[in-house]
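Input: a single structure, listed below in structure tokens.
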Amino acid sequence: MKFYGREKQRKDLHRLFSHEGMQLGLIYGRRRVGKSELIKQSLRETDVTSIYFECKQTTEQNNTESLAVLLADTFHFPKPSFDSMEALLTYLFEAAKEKPMILVLDEYPYLREVVQGMDSVLQALVDRYRDRIESIPYTFDNKQITSLPTVGCNVHFLFDSISRMFSARRHRRVGHRYVGSGGWAQRKAWYRE
């Protein structure tokens, strides 16, 4: 299926993905305006290794196992076993020292609900690895993490939580993008014949 419109937002994401060093991105907007699809399309257009994980409102173990399956599929090895989300993310941050990657945590608030201290875990990992990683983008969204894009529609939560968590010190680079429904010209492009 052809992806229409959102050229500016896709360029912004590609710029985030290609930036050297660890990055944190915040992608937000109303529900059902295409934030996740925009990110998925942008990931398909980049050569950087990426993992797109949609967090679930289940348990920490279930989320950890599901992300471990994606990790195994991405790196072509048997599914590893991790006892916590922190252990899995630590593994990814270590791997990012050798090879740039993008980790997207879609619907991040779901993970935050089931993993006690999740914001602190991410903050500690970012602080520990910020100078050692060539490029690990993150994303949250109510969505994403590594070049760490974060996607979300609960804007107040995302700004308060993510911005406070990652920009408390100047050495943490944080970018944010609002994704709206697009103007008439973008919507018209979706219905080309």
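Go through the stretch 68-99 and count every residue that is in a helix (DSSP H, G or I), among the charged types (D, E, K, R) and over 21 Å from residue 126 (Cβ atoms). Can you show your working first?
First, the residues of the stretch 68-99 that are in a helix (DSSP H, G or I): 68-75, 85-98.
The next check asks that each one be among the charged types (D, E, K, R); those that pass are 73, 86, 94, 97-98.
Next, only the ones that are over 21 Å from residue 126 (Cβ atoms) stay: 73.
Adding up the residues that qualify gives 1.
Looking only at residues that are of a type in the set (Ser, Thr, Tyr) and free of Cβ contacts under 8 Å to residues at least 60 places away in the same chain in the stretch 19-49, which one is farthest from residue 93 (Cα to Cα)?
The extreme case among them is 42.
Please verify whether residue 102 is surrounded by 18 or more Cβ atoms within 10 Å (Cβ to Cβ), more than 25 Å from residue 132 (Cβ to Cβ) and not charged (D, E, K, R), treating the condition exactly as stated. Steps first, answer last, please.
Numbers: surrounded by 18 or more Cβ atoms within 10 Å (Cβ to Cβ): yes; more than 25 Å from residue 132 (Cβ to Cβ): no; not charged (D, E, K, R): yes.
Judged against the criteria, residue 102 is not a match.
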The residue that is modelled with the lowest pLDDT, considering only those in the stretch 27-37 that are closer than 17 Å to residue 50 by Cα and in contact with a strand residue (DSSP E or B) (Cβ under 9 Å, 6 or more places away or on another chain), is 27
Scanning the stretch 24-37 for residues that are open to solvent by less than 20 Å² (accessible area, probe 1.4 Å) and touching a helix residue (DSSP H, G or I) at 6+ places or on another chain (Cβ under 6 Å) gives 24, 25, 26, 27, 29
Can you find even one residue in the stretch 56-67 that is assigned to a helix (DSSP H, G or I), open to solvent by less than 20 Å² (accessible area, probe 1.4 Å) and free of Cβ contacts under 8 Å to residues at least 24 places away in the same chain?
yes
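The values are calculated or read from the model by the stated rules, or taken from the named source; none is laboratory data. Because the structure is predicted, anything quoted here is derived from the model rather than measured. With ideal geometry, Cβ positions are generated from the backbone for all residues, glycine too; neighbour counts draw on all protein chains shown. Calculation scope for accessible area: heavy atoms of the full protein, side chains included, ligands and nucleic acids excluded. Shrake-Rupley method; radii C 1.70, N 1.55, O 1.52, S 1.80 Å.
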